[in-house]
Amino acid sequence: MSAWRSKSVLPGFTISLGSSLFFIGLVILLPLTGLVIQVAELSWQDYWAIISDPRVVASYKVTASAALVASIFNLFFGLLMAWILTRYRFPGRVLLDGLMDLPFALPTAVAGLTLAALFATQGWFGQYLALWDIKVSYTWLGIVVAMVFTSVPFVVRTVQPVLEEFGPEYEEASATLGASPWQTFWHVIFPEIKPALLMGTALSFTRSLGEFGAVIFIAGNIPWQTEVTSLMIFIRLQEFDYAAAAAIASVVLLVSLILLFVINGIQQRYQHISGALK
Amino acid sequence: MSIGIERIRKSFGSFVALQDINLQLPSGELTALLGPSGSGKTTLLRIIAGLEQADSGLIRFNDEDISQRHVAERGVGFVFQHYALFKHMTVFENVAYGLTVKPKKYRPANAEIAKKVHNLLELVQLGWTADRYPAQLSGGQRQRIALARALAVEPKVLLLDEPFGALDAKVRAELRRWLRRLHDEIHVTSVFVTHDQEEALEVADRIVVMNKGRIEQQGTPEHVYDNPANPFVYEFLGNVNLFHARVKQGQSQIGNIALASPEYNNQDEQQGLAYVRPHEIDVFSAPQADAIKVKLDLITIVGPVVRLEALDESTGQLIHIELPKEQFKTLQLQQADTAWLLPRYSKVFLGEGI
Amino acid sequence: MSNTTGSATWLRRLLIGTGVTLSVLLLLTPLLLIFIAAFASGVGGIISNLQDADMLHAIGLTLLVAGLTVPINLIFGTLIAWCVTRFTFPGRRLLLTLIDIPFAVSPVVAGLLYLLLYGSNGPFATWLDAADLQLMFAWPGLVMVTVFVSCPFVVKELVPLMSTLGTEQEEAAVLLGASGWQVFWQITFPNIRWALLYGVILTNARAVGEFGAVSVVSGTIRGQTNTLPLHIELLQQDYNTTGAFIAAALLTLMAIATLVVKAVLQWRMHR
């Protein structure tokens with residue numbers, strides 16, 4: 001018993017473990033089994049036919065490519081923001097810092113509605129982009145923009161604490177040893193923030209794969225072109241084809257669970273960035 | 001209240017923290033559990049407190065088995081290394097806590113609690129801090145408050161886990177003398193854990209030296225220091241020089257130097273290792289019969305004491321010596337000079353290995 | 001920082017300039033647009049839109065969902081954090097991974113999971129029918145999926161903090177004779193209250209703003225199962241863009257309040 005739980009003098013083990021298992025079982029695990037039951041009713045051929053339907057496959061490609069581009073954008077943008085927020089002092093810095101969390105606080109439907117309006121052909125941005133013949137609303141690019149917006153905070157908020165802890169003295173040491181700013185960044189800073197950067201980007205990618213609210217407002221949802229996989233599930237549901245919805249969802253779910261385990265793996269290997277996860 | 005520890009064992013996974021510990025601590029004594037980190041001393045303390053459960057074995061308070069009793073019912077006061085003061089409560093509230101959480105029928109009246117807390121704060125000489133928060137106090141003050149808090153519930157046993165570990169050297173030295181005096185005043189059976197041999201030697205009535213989950217030796221500080229039971233205890237209790245020695249009929253020989261070893265009176269010739277403390281070596285500036293000839297590599301003057309590092313060029317061994325500054329001055333030795341050494345006393349353990 | 005040389009100053013200006021410009025374009029401009037668009041038909045337009053029965057109902061339903069979700073996740077989140085930071089037991093890490101699942105799962109999939117389980121084709125359908133309980137396409141379903149999507153917030157705020165705090169203060173209280181309740185309320189709670197509140201406002205923001213999961217289980221029935229974010233979509237489909245932006249502005253005010261409270265709490269926690 002004692003080896004089983006070593007901090008045994010503190011109260012509430014039974015009640016807290018009991019309610020944790022109850023809650024996680026009821027809220028998280030039970031619904032997952034519902035999906036498994038539904039999918040298990042399909043034959044392998046039917047299952048394969050649903051998930052390899054060309055329109056669905058097109059949605060995989062749209063979703064994955066947009067999420068990839070969005071998370072790569074956020075990799076650079078997040079790194080830049082984390083850097084200037086931790087290393088420089090300038091007017092408005094505190095406000096800018098607070099602004100970084102906006103996408104998490106702002107409901108996705110609001111983000112979608114607003115981005116669609118901004119990038120519409122008559123919108124604030126859209127009218128100028130039209131001059132260059134760039135269309136964002138109702139295109140693949142619109143999906144990327146929505147995904148970028150909703151996942152901005154991930155990289156910033158994972159890299160920022162690491163940079164804060166790392167401190168500028170290492171850069172100063174490197175500079176006094178004669179390294180150029182680029183050498184300093186590449187040899188001194190980058191190795192230190194790499195795990196956080198990787199994790200932030202992976203989180204951003206995961207979030208983008210599942211993004212729905214912001215995307216459907218701006219994507220136009222044109223079959224074969226701008227339908228994301230989440231929307232495909234939604235469409236199957238509206239057709240009351242629950243089995244097909246479940247089958248597609250199982251693919252999405254599997255991918256997100258794999259990503260979750262990868263992210264947890266990164267986090268475990270680099271414990272020191274775990275506190276940064278919000 | 002005496003403490004009896006019988007056949008205590010404890011493992012964490014595959015790591016054996018304590019193996020078969022047996023120990024009797026008489027009532028009213030101040031005992032030090034001394035050992036390096038990982039020796040199991042803190043685990044033993046936490047098992048006595050009831051914060052940790054032993055895998056097997058018994059803990060007795062006054063011959064009564066209390067192993068199954070809950071921490072709160074054991075009547076122990078516990079002082080943590082990092083104080084564990086409740087940082088959102090004032091000093092007064094911290095010290096009063098053990099009294100205010102008592103069930104209503106056992107709880108003293110507020111005036112009585114206040115009186116008791118103020119008495120305790122006077123005892124630890126911090127009466128003026130009652131309305132402050134822990135963050136406003138220095139480390140040494142916090143630790144005294146933590147002690148007052150533990151004493152408020154009138155524990156029958158006081159347990160202290162590295163009580164001075166987080167303090168700087170000067171405060172440490174002050175506080176341990178203070179603890180010694182306090183103990184003489186209140187005489188509650190106390191056990192404290194430390195890895196600092198000087199602290200244990202200075203403060204404790206009794207020292208229990210632990211290593212790798214076992215007790216190596218116990219006894220009064222003087223006894224343990226003068227008669228270390230084995231090489232581990234010898235080395236742990238202070239700096240030491242090791243020499244190869246031959247033991248025969250109550251004598252041990254380091255090179256050509258003969259020293260008395262009465263414990264080996266009937267011993268046939270055998271190899272051993274002689275342990276000589278740095279202050280047990282005489283230094284000469286002129287050649288002496290049988291003495292070890294050395295070159296003085298490094299001379300460090302630390303206040304009233306001089307520390308020498310001397311190189312025996314024939315063996316390559318570095319010998320550490322300590323002697324009073326006045327005595328060293330009369331020798332008129334400089335760095336890189338040649339000197340001659342004669343150990344005055346040694347303790348020999350048989351066997352080849354170190 | 002190290003602006004000792006000309007090139008360093010130049011680099012610094014370039015980096016700050018790029019960062020600020022992108023942030024203003026990407027984050028601040030949308031914020032401005034929301035309020036400008038909401039005022040497109042003047043204050044009168046705002047008042048008449050806000051007096052619309054469907055809008056009022058959507059606001060009420062959103063508050064109901066958040067009002068039920070937050071306490072549920074607060075209580076269970078605290079219990080889970082207590083369990084994983086105060087005890088070691090086999091499966092502890094697994095528990096921490098499981099609680100992350102809702103953040104990894106697409107909201108639409110989350111909604112679908114509940115629809116499959118508690119919907120009219122699900123394994124509980126007969127039982128629910130017999131008891132005359134309608135969970136899906138009704139407000140209980142909205143609460144259920146919202147609990148799912150927002151349950152990790154409190155846990156994720158508490159676990160790192162409680163691990164860092166350690167157990168010494170609580171052990172000291174137990175040694176001094178405090179009961180379980182006393183240990184939690186008098187020792188643990190004062191140390192974690194700001195983090196707890198932080199977790200609550202994050203949970204609340206997500207609960208109020210959730211779109212994907214609730215849209216699956218809501219059926220978007222006007223005046224019945226329509227939350228404010230879903231109402232935005234309906235209004236936009238009705239070509240009532242101003243109305244959509246008024247609803248959006250309400251939610252944006254909530255988001256801004258969240259950010260302000262968050263900043264205050266972070267300042268308090270680091271003090």
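Could you tell me which of the residues C:I256, C:I232, C:I187, C:I192 is touching an Asp or Glu at 6+ places or on another chain (Cβ under 9 Å), facing another protein chain (nearest Cβ under 8 Å) and aliphatic (A, V, I, L, M)?
C:I187
Pull up segment A:193-219, narrow it to residues that are in contact (Cβ under 8 Å) with a residue 40 or more places away in the chain and open to solvent by 30 Å² or more (accessible area, probe 1.4 Å), then point me to the one that is nearest to A:F104 (Cα to Cα).
Of everything passing the filter in segment A:193-219, A:R207 is nearest to A:F104 (Cα to Cα).
Which ones in segment C:152-166 are more than 9 Å from chain B (Cβ to nearest Cβ) and not hydrophobic (A, V, I, L, M, F, W, C)?
Result: C:P152, C:K156, C:E157, C:P160, C:S163, C:T164.
Going through segment A:65-85 one residue at a time, which ones are touching a residue at least 40 places away in the same chain (Cβ under 8 Å) and within 13 Å of chain C (Cβ to nearest Cβ)?
A:A67, A:A70, A:F73, A:N74, A:F77, A:G78, A:L79, A:M81, A:A82, A:W83, A:L85
Here is a yes/no grid of residues against (1) within 12 Å of B:S285 (Cβ to Cβ); (2) among the polar types (S, T, N, Q):
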site: B:P304; (1), (2): no, no
site: B:A310; (1), (2): no, no
site: B:S314; (1), (2): no, yes
site: B:Q317; (1), (2): no, yes
site: B:F328; (1), (2): yes, no
site: B:L333; (1), (2): yes, no
site: B:A336; (1), (2): no, no
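Which is assigned by the TED database to the domain that holds C:N204, in contact with a Leu (Cβ under 8 Å, 6 or more places away or on another chain) and within 18 Å of A:V110 (Cα to Cα), of C:A66, C:A58?
Exactly one residue qualifies, and that residue is C:A58.
Out of the residues in segment A:252-270 that are among the β-branched types (V, I, T) and in contact with a helix residue (DSSP H, G or I) (Cβ under 6 Å, 6 or more places away or on another chain), state the one that is nearest to A:S208 (Cα to Cα).
A:V252
Any residue that is away from chain A (no Cβ under 14 Å), at pLDDT below 90, surrounded by fewer than 21 Cβ atoms within 10 Å (Cβ to Cβ) and in a loop (DSSP other than H, G, I, E, B) - is there at least one of those in segment B:38-51?
Yes; the residues of segment B:38-51 include at least one that is away from chain A (no Cβ under 14 Å), at pLDDT below 90, surrounded by fewer than 21 Cβ atoms within 10 Å (Cβ to Cβ) and in a loop (DSSP other than H, G, I, E, B).
Go through (1) facing chain C (nearest Cβ under 10 Å); (2) modelled with pLDDT of 90 or more for A:E172 and report which single condition fails.
(2)
Which condition from (1) under 30 Å from B:A72 (Cα atoms); (2) modelled with pLDDT of 90 or more is the one that C:G166 breaks?
It fails just one condition, (2).
Residue by residue through segment B:312-354, note down the ones that are closer than 20 Å to B:R277 by Cβ and of a type in the set (A, V, I, L, M).
B:L318, B:I319, B:I321, B:L323, B:L331, B:A339, B:L341, B:L342, B:V348, B:L350, B:I354
Here are B:E202, B:E198: which of them is outside any strand (DSSP E or B), free of Cβ contacts under 8 Å to residues at least 24 places away in the same chain and surrounded by fewer than 21 Cβ atoms within 10 Å (Cβ to Cβ)?
Answer to the selection: B:E198.
Counting only residues that are under 19 Å from B:L318 (Cβ atoms) and in contact (Cβ under 8 Å) with a residue 12 or more places away in the chain, how many does segment B:283-300 have?
Summing the residues that are under 19 Å from B:L318 (Cβ atoms) and in contact (Cβ under 8 Å) with a residue 12 or more places away in the chain in segment B:283-300 gives 11.
From the list C:A81, C:A66, C:A110, which residue is more than 9 Å from chain A (Cβ to nearest Cβ), assigned to a helix (DSSP H, G or I) and either open to solvent by 40 Å² or more (accessible area, probe 1.4 Å) or touching a residue at least 60 places away in the same chain (Cβ under 8 Å) (or both)?
Just a single option satisfies the conditions, and that option is C:A66.
Would you check if B:T31 is more than 10 Å from every other protein chain (Cβ to nearest Cβ), over 14 Å from B:I3 (Cβ atoms) and touching a residue at least 12 places away in the same chain (Cβ under 8 Å)?
Working: more than 10 Å from every other protein chain (Cβ to nearest Cβ): yes; over 14 Å from B:I3 (Cβ atoms): no; touching a residue at least 12 places away in the same chain (Cβ under 8 Å): yes.
It is false that B:T31 is more than 10 Å from every other protein chain (Cβ to nearest Cβ), over 14 Å from B:I3 (Cβ atoms) and touching a residue at least 12 places away in the same chain (Cβ under 8 Å).
Is there a residue being farther than 28 Å from B:R176 by Cα, charged (D, E, K, R) and surrounded by fewer than 20 Cβ atoms within 10 Å (Cβ to Cβ) anywhere in segment B:106-117?
Yes.
Counting only residues that are aromatic (F, W, Y) and either touching a Phe, Trp or Tyr at 6+ places or on another chain (Cβ under 7 Å) or at the interface with another protein chain (Cβ under 8 Å from one of its Cβ atoms) (or both), which one in segment A:11-43 is farthest from C:T167 (Cα to Cα)?
Of segment A:11-43, the ones aromatic (F, W, Y) are A:13, A:22-23.
If we keep only those that are either touching a Phe, Trp or Tyr at 6+ places or on another chain (Cβ under 7 Å) or at the interface with another protein chain (Cβ under 8 Å from one of its Cβ atoms) (or both) as well, we get A:13, A:23.
Numbers: A:F13: 14, A:F23: 24 Å.
Among them, the one singled out is A:F23.
Which one of the conditions (1) open to solvent by less than 10 Å² (accessible area, probe 1.4 Å); (2) more than 7 Å from chain C (Cβ to nearest Cβ); (3) aromatic (F, W, Y) does A:Y128 fail to meet, given that it meets all the rest?
Condition (1) is where A:Y128 drops out.
Take the residues of segment C:28-63 that are touching a residue at least 60 places away in the same chain (Cβ under 8 Å) and of a type in the set (S, T, Y): which is most open to solvent (accessible area, probe 1.4 Å)?
In this case the residue turns out to be C:S41.
Can you list the helices (runs of 4 or more DSSP H) lying wholly within segment B:55-167 that have 3 or more residues being away from chain C (no Cβ under 13 Å) and closer than 22 Å to B:R181 by Cβ?
In segment B:55-167, the matching helices (runs of 4 or more DSSP H) lie at B:110-123, B:139-152.
Condition test on C:F76, is it assigned by the TED database to the domain that holds C:R193, out of contact with any His (no Cβ under 6 Å at 6 or more places or on another chain), closer than 16 Å to C:F148 by Cβ and not β-branched (V, I, T)? It would help to see each step written out before you state the result.
Numbers: assigned by the TED database to the domain that holds C:R193: yes; out of contact with any His (no Cβ under 6 Å at 6 or more places or on another chain): yes; closer than 16 Å to C:F148 by Cβ: yes; not β-branched (V, I, T): yes.
Yes.
Which condition breaks for C:V149 when tested against (1) more than 9 Å from chain A (Cβ to nearest Cβ); (2) open to solvent by 10 Å² or more (accessible area, probe 1.4 Å)?
So C:V149 meets the others, but not (2).
For segment C:84-101, enumerate the residues that are open to solvent by less than 20 Å² (accessible area, probe 1.4 Å), within 7 Å of chain A (Cβ to nearest Cβ) and in contact with a Ser or Thr (Cβ under 8 Å, 6 or more places away or on another chain).
Within segment C:84-101, C:R86, C:F87, C:L95 qualify.
Could you go through segment C:242-250 and let me know if any residue there is closer than 30 Å to C:T85 by Cβ, open to solvent by less than 20 Å² (accessible area, probe 1.4 Å) and either more than 9 Å from chain A (Cβ to nearest Cβ) or among the aromatic types (F, W, Y) (or both).
No, the conditions are met nowhere in segment C:242-250.
Looking at segment A:229-237, can you tell me whether even one residue there is open to solvent by less than 30 Å² (accessible area, probe 1.4 Å), modelled with pLDDT of 90 or more, under 25 Å from C:P160 (Cβ atoms) and in contact with a Ser or Thr (Cβ under 8 Å, 6 or more places away or on another chain)?
No: segment A:229-237 contains no residue that is open to solvent by less than 30 Å² (accessible area, probe 1.4 Å), modelled with pLDDT of 90 or more, under 25 Å from C:P160 (Cβ atoms) and in contact with a Ser or Thr (Cβ under 8 Å, 6 or more places away or on another chain).
The values are calculated or read from the model by the stated rules, or taken from the named source; none is laboratory data. Since this is a predicted model, take the numbers as computed values, not measurements. So basically every Cβ, Gly included, is an ideal-geometry build from the backbone, and we count neighbours across all protein chains shown. Surface accessibility is based on the protein's heavy atoms, side chains included, excluding ligands, DNA and RNA. Shrake-Rupley method; radii C 1.70, N 1.55, O 1.52, S 1.80 Å.
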